[in-house]
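Working notes, structure below.
The values are calculated or read from the model by the stated rules, or taken from the named source; none is laboratory data. Quick caveat, the model's predicted, so the values are computed rather than measured. Virtual Cβ from ideal backbone geometry, glycine too; neighbours counted across all protein chains shown.
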Amino acid sequence: MGRSRSLLACLVERARVRPDSVALVMGDERVTYAGLHAMAVAGAGRLAALGLPAGRAVAVRAVKSPRTVASIMACLLAGRPFLLPSAELGEHALEELLARAGCAALLDDDELRELGPHGDAGPGERGHEDVSFMLTTSGSTGVPKIVPLPAAAVDRFTDWAIDRFGLGPGTAVLNYAPLSFDLCLLDVWATLKAGGTVVAVDAARASDGRYLAGLIEAENVAVVQSVPMMYRLLADACRDRPLRGVRHVLMTGDKVSARLLDELPALFPAARLYNVYGCTETNDSFLYEVTGGERSLPIGRPLPGVEALVVDEDGTVLDGPATGELLVRTPFQAAGYLGREGGFGGGRFRSGDVVHRAEDGVFTLVGRNDFQVKVRGTRVNLAEVEHLLLAHEAAVDAAVVGVPDDLAGVRIHAVVRRTAPGALNSLALRDYCRARLPRAAIPTTIQVVDDPLPVTPTGKPDRQTILRNLRNRS
Amino acid sequence: MDPSLAIKQYIVREFLPDIAPEELDDDYDLVDNGVVNSLSLLPIINWLADRYDIPIDDVDISMNDFLSVAAIRRFVSRTARERVPALSEN
């Protein structure tokens with residue numbers, strides 16, 4: 001891989017060379033490269049006026065709007081590391097996250113708010129050099145882990161994506177994910193680096209298949225990246241109405257059902273279809289191109305420059321065909337989590353995913369550990385939701401299970417035993433969760449009970465019985 | 001029946017089985033509290049369309065219309081094809 005091009009330098013260059021081409025389509029707004037650049041320069045000016053110490057991070061709340069994209073570009077211009085907290089994060093969790101990242105200011109859509117002084121150092125002072133984006137894991141703990149990405153890693157990733165999916169001036173790319181997701185490094189930032197047009201899905205209408213299809217058609221979208229759920233919605237909305245303009249379809253973040261796999265070629269007759277595997281810590285690491293006739297999708301082979309190891313339970317590296325945990329090192333990754341000593345072991349990230357490597361070197365995802373589930377494309381750790389519910393003063397016991405769901409992937413069901421009848425109800429628990437959990441981690445159903453929960457012989461909550469009871473009731 | 005009560009009865013039956021309809025405030029935030037999400041919107045819309053004769057294919061639908069019982073009620077009064085008795089009150 002040759003020397004990578006700077007994201008910032010390319011953005012500035014686009015504004016100079018093609019000032020009037022459209023950078024962003026968001027709702028009713030169409031923002032040109034010149035317009036985006038002007039907003040970003042103004043934002044960088046406001047940031048500079050705060051006189052923050054060099055290297056100190058700021059936060060940009062990831063509301064989906066042109067202002068947010070411009071604010072991120074302003075941070076790039078100002079050379080500041082920036083955290084992108086989810087717009088759905090509860091207030092307590094947001095405050096704690098900002099403090100932990102050492103953020104000195106919060107840009108929230110149109111508002112710039114200076115945060116009180118505190119002792120936390122910026123990423124640069126903590127051994128993370130030249131950090132630009134700081135993403136958070138979608139883990140369901142109240143306060144997610146912070147992943148500081150070196151600017152050079154983002155430069156390398158965006159170059160790879162531009163090259164692999166033929167992004168160029170005028171290429172329209174759909175942005176489905178919230179702006180806090182790592183997926184945006186491809187569908188927003190690689191697109192802008194290439195001079196393309198980001199066509200953003202309105203968060204409020206993200207589950208409206210007909211709206212999505214209409215947007216893709218009206219804006220001549222050529223590249224689409226999303227969790228499988230969106231393709232399910234599109235397939236249901238577009239019976240006998242293929243989306244002929246789409247050239248590349250990237251599926252990521254979840255298993256693709258055999259039924260959906262069957263429907264995709266008719267839905268996107270002109271497109272190449274891919275399964276992309278990655279995570280926030282390392283960004284994309286595997287790619288598989290669909291050839292047709294697969295019943296399930298492998299994650300394929302490591303991307304150029306990616307090292308992938310399969311290890312057994314003792315950490316021994318396995319050769320040849322093997323099943324074990326996947327360890328990866330990518331040119332696009334963080335060195336480690338912010339505020340945690342030592343970084344990822346040997347620079348390799350333990351994915352927590354069990355994979356199988358076949359004779360021909362193609363990898364297939366086998367599963368995750370039991371407590372990790374995906375809810376509407378967001379990773380949630382059920383054990384952490386359970387811990388949080390248990391910490392409520394009126395809860396005696398709690399169990400959280402993932403219930404398979406056609407559309408959501410998994411929906412979360414919680415059973416909570418209260419201290420006394422009347423001490424607690426599901427509305428109060430929802431209020432409690434809202435302040436402490438990302439929205440996807442708030443249980444879809446909460447059952448408040450007065451009897452002890454079923455337990456296994458070892459005294460742990462018997463999740464199988466809880467699931468069975470749930471199925472029998474409905 | 002007062003639409004607000006009918007809406008509460010539906011929401012409670014479908015999503016909050018341990019709650020009595022009168023415990024659910026008109027302004028309780030259904031979205032922030034995870035009662036309603038982008039996926040549970042569809043059954044709610046279908047139920048409303050059915051019950052209040054709303055031409056959903058011709059109506060602009062936004063998540064903001066489902067933030068609370070009060071918001072849903074406003075959505076119904078804006079979009080229902082047949083005038084719903086008691087809807088114009090309060």
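Here are a few things to note about the model shown:
- Residues in segment A:328-358 that are surrounded by fewer than 21 Cβ atoms within 10 Å (Cβ to Cβ), aliphatic (A, V, I, L, M) and either in contact with a strand residue (DSSP E or B) (Cβ under 7 Å, 6 or more places away or on another chain) or not assigned by TED's automatic domain parsing to the domain that holds residue A:155 (or both): A:354, A:358.
- Test: residue in segment A:349-370 that is within 14 Å of chain B (Cβ to nearest Cβ) and part of a strand (DSSP E or B): no
- Residues that are under 30 Å from residue A:133 (Cα atoms), in a loop (DSSP other than H, G, I, E, B) and of a type outside the set (D, E, K, R), drawn from segment A:275-318: A:280, A:282, A:298, A:299, A:303, A:304, A:305, A:306
- Subset of segment A:251-295 [acidic (Asp, Glu) and under 30 Å from residue A:148 (Cβ atoms)]: A:254, A:281, A:284
- Number of the exception - residue A:338 against (1) within 26 Å of residue A:181 (Cβ to Cβ); (2) free of Cβ contacts under 8 Å to residues at least 24 places away in the same chain: (2)
- All positions within segment A:403-413 that are out of contact with any His (no Cβ under 8 Å at 6 or more places or on another chain) and closer than 18 Å to residue A:437 by Cβ: A:408, A:409, A:410, A:411, A:412, A:413
- Of the strands (runs of 3 or more DSSP E) lying entirely inside segment A:384-474, none contains at least 3 residues that are within 11 Å of chain B (Cβ to nearest Cβ), surrounded by fewer than 22 Cβ atoms within 10 Å (Cβ to Cβ) and basic (Lys, Arg).
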